[in-house]
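Peer 1: Please see the structure below; I have some questions.
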Amino acid sequence: MTETTHGGAVGVKPPPTPDDRLSPADLAAKYGLSVSGARPSLPEYVRQLWARRHFILAFSRAKLTAQYSQAKLGQVWQVVTPLLNAAVYFLIFGVIMGGRKGIPGGQENYIPFLVTGVFVFTFTQTSVLNGVRAISSNLGLVRALHFPRASLPISICLQQLQQLLYSMIVLVVILVSFRHFPAWSWLLILPALLCQFLFNTGLALIMARLGSKTPDLAQLMPFITRTWLYASGVMFFLPYQLSRIDAPAWMIDVLQANPAAVYMDLIRFAFIDGYPASSLPPHVWALALGWGVLVGIGGFVFFWKSEERYGRG
């Protein structure tokens, strides 16, 4: 088939093909094409994450190594930072404000009580604060490579877990110096940390999705986590302090049941001799597992729902 152009030249028009009558969607289906960056099904998404487990672990280790690479003390700051926070809290809350009163097992347990609380809460706090920036601080990686975006907040939580385990070495030294020697109860730390890791990961996934669309959230979160710190009994025994101001029983129960307080209480109970089981909130293991599963799975699904939108716009 020929046609004459404006310049008088004769052109050849290609004959019609069967594909000319197909819509773009039909053409994609015919040739096995898919939308670039489309969200996979939830089972497929889990399989993709598992296939990239080595990348997630290596990325978390690289982030941990680079975190203090410019400091002269290097990785020592992983332990020094929470210890300095504990020292400040001891001075203000333990000495000046009398926070040592009411500590289960006696006031001589205040330093192990405080340091354990600071280390455990820092694990959750840093997971949340870094999770908010998981997408926005890695936009170059997100836009250049195709991989499950949940890898980023999960690697952040793995990084913080590794940092906590390093801190635990110092915590064990402190415990032994206060005559809290290794016992079978220390094994309870493993399921408690597993539940906390699930909780932290789910919360980091939630914050990563919210932070990817609302960058200002990163500026607000330090104030929220600081309020959470004070409401969780990191520096004092929460039920005792609330009873001093005649707080209603329901308020004590609610604050003790918040996840940060639950995980701190469990690990304190495991580590500190003489920490009575009566100091734990009712159904403490059910709360620990429930928070971990609920927030872990819920956060994962919430993040996956927006998978195709990360890094766009």
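The values are calculated or read from the model by the stated rules, or taken from the named source; none is laboratory data. Note that the structure is predicted; figures quoted are calculated from it, not measured. Please note: Cβ atoms are built from the backbone with ideal geometry, for glycine as well, and neighbour counts cover all protein chains shown. Ligands, DNA and RNA are excluded from the accessible area calculation, which covers all protein heavy atoms including side chains. Shrake-Rupley method; radii C 1.70, N 1.55, O 1.52, S 1.80 Å.
Peer 1: Which residues, taken from segment 40-81, are part of a helix (DSSP H, G or I), touching a helix residue (DSSP H, G or I) at 6+ places or on another chain (Cβ under 7 Å) and either open to solvent by 60 Å² or more (accessible area, probe 1.4 Å) or at pLDDT below 75 (or both)?
Peer 2: Across segment 40-81, the qualifying residues are PHE55, LEU57, LYS63, GLN78, VAL79.
Peer 1: In segment 231-262, how many residues are of a type in the set (Ser, Thr, Tyr) and either under 19 Å from the mean Cα position of the chain (by Cα) or within 14 Å of GLN125 (Cα to Cα) (or both)?
Peer 2: The total comes to 1.
Peer 1: Okay, next question. GLY311 - would you say it is touching a residue at least 40 places away in the same chain (Cβ under 8 Å), closer than 30 Å to LEU145 by Cα and either open to solvent by less than 40 Å² (accessible area, probe 1.4 Å) or not in a loop (DSSP other than H, G, I, E, B) (or both)?
Peer 2: When the stated conditions are applied, GLY311 passes them.
Peer 1: Filter the helices (runs of 4 or more DSSP H) completely within segment 90-206 down to those with at least 3 residues that are open to solvent by less than 20 Å² (accessible area, probe 1.4 Å) and in contact (Cβ under 8 Å) with a residue 60 or more places away in the chain.
Peer 2: 110-132, 151-177
Peer 1: Quick one: in segment 268-277, of everything that is open to solvent by 30 Å² or more (accessible area, probe 1.4 Å) and part of a helix (DSSP H, G or I), which residue is modelled with the highest pLDDT?
Peer 2: PHE269
Peer 1: Now a separate question. Sort out which residues of segment 207-223 are open to solvent by 80 Å² or more (accessible area, probe 1.4 Å) and in a helix (DSSP H, G or I), and write them in order of number.
Peer 2: LYS213, GLN219, LEU220, PHE223, listed by residue number.
Peer 1: If only one of ARG143, ARG149 is among the charged types (D, E, K, R) and at pLDDT below 85, which one is it?
Peer 2: ARG143 is the lone residue from the list that is among the charged types (D, E, K, R) and at pLDDT below 85.
Peer 1: Would a scan of segment 258-267 turn up a residue that is farther than 24 Å from PRO112 by Cα, out of contact with any Cys (no Cβ under 7 Å at 6 or more places or on another chain) and open to solvent by 20 Å² or more (accessible area, probe 1.4 Å)? First the steps, then the outcome.
Peer 2: In the first step, residues of segment 258-267 are kept if they are farther than 24 Å from PRO112 by Cα; the result is none.
Checked segment 258-267: no residue is farther than 24 Å from PRO112 by Cα, out of contact with any Cys (no Cβ under 7 Å at 6 or more places or on another chain) and open to solvent by 20 Å² or more (accessible area, probe 1.4 Å).
Peer 1: Go through segment 106-148 residue by residue and tally those that are closer than 25 Å to LEU42 by Cα and in contact with a Gly (Cβ under 8 Å, 6 or more places away or on another chain).
Peer 2: So the answer is 10.
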